[in-house]
Amino acid sequence: MRRLIGLVFAMTVLFVFIPGKSYCHTAPAKVEIDSDYLTHVSFKNRYINTVSIHILENISEKHNRSLYRGITITRPYGHIINDNDQTKDSSAVGIGPVYMIRNEKKLSRKLYEALDMSGGFILYDKAFPTDGRYYNFMWRIGPRLVYKTGENSSINIGYTFMHVSNGFRTHNPGYNGQGLSVSFEQKF
């Protein structure tokens with residue numbers, strides 16, 4: 001397990017900090033800090049809420065589509081009720097790399113509508129959720145409004161739907177969440 005944690009940590013550092021396309025020119029980098037609070041939805045007997053921070057760098061823009069890469073820090077907490085009607089704590093702390101695609105459409109001079117889609121690999125401090133594994137994939141999608149506060153900055157607010165699962169057939173108590181997402185973007 002320590003090797004897996006070390007490997008994921010090394011991959012995360014390389015993924016986030018190795019220069020990409022955005023470092024190859026003199027333009028400032030766009031960095032977005034996104035936070036969300038998502039409550040459980042859809043799955044019976046899974047009552048897990050999730051608070052996350054996503055630190056993203058815009059690495060590509062073409063027409064109305066942007067590509068971001070970054071890191072997610074997440075704190076899911078709650079419980080699940082297993083097949084034996086036992087309530088089991090399902091709280092953890094996780095971190096991992098993420099990619100996000102944003103499609104934007106201009107509504108007015110400063111207001112845009114957007115659709116965000118992201119996927120990432122999360123490594124947790126313990127098997128999560130209960131009877132799961134130390135890692136999961138986190139998928140997020142949702143609409144948002146983007147208000148350009150200046151040439152180099154914006155404030156975004158939106159709705160996010162999230163699915164967390166490890167992709168295996170066994171030890172895979174996935175869960176879903178939905179809720180509010182708020183972010184700030186700035187060029188540095």
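Observations on the model:
- Filter pass, Gln186 being over 20 Å from Ser90 (Cβ atoms) and touching a strand residue (DSSP E or B) at 6+ places or on another chain (Cβ under 6 Å): yes
- Single condition Leu180 does not satisfy, out of (1) in contact with an Asp or Glu (Cβ under 9 Å, 6 or more places away or on another chain); (2) at pLDDT below 95: (2)
- Count - residues of segment 13-29 that are open to solvent by less than 40 Å² (accessible area, probe 1.4 Å) and modelled with pLDDT of 55 or more: 1
- Selected residue [open to solvent by less than 60 Å² (accessible area, probe 1.4 Å) and closer than 24 Å to Gly174 by Cβ] from Val41, Val93: Val41
- Test: residue in segment 73-80 that is among the β-branched types (Val, Ile, Thr), open to solvent by 60 Å² or more (accessible area, probe 1.4 Å) and either closer than 23 Å to Phe184 by Cβ or at pLDDT below 95 (or both): yes
- Residue that is nearest to Phe161 (Cα to Cα) [pool: residues in segment 108-136 that are polar (S, T, N, Q) and part of a strand (DSSP E or B)]: Ser118
- Scan of segment 76-116 for residues that are hydrophobic (A, V, I, L, M, F, W, C) and without any contact (Cβ under 8 Å) to a residue 60 or more places away in the chain, ordered by number: Ile81, Ala92, Val93, Val98, Met100, Ile101, Leu107, Leu111, Ala114, Leu115
The values are calculated or read from the model by the stated rules, or taken from the named source; none is laboratory data. None of the values given here were measured: they were computed from a predicted structure. Every residue, glycine among them, receives a Cβ derived from its backbone with ideal geometry; neighbour counts consider all protein chains shown. Surface areas here come from the heavy atoms of the whole protein model, side chains and all, with no ligands, DNA or RNA. Shrake-Rupley method; radii C 1.70, N 1.55, O 1.52, S 1.80 Å.
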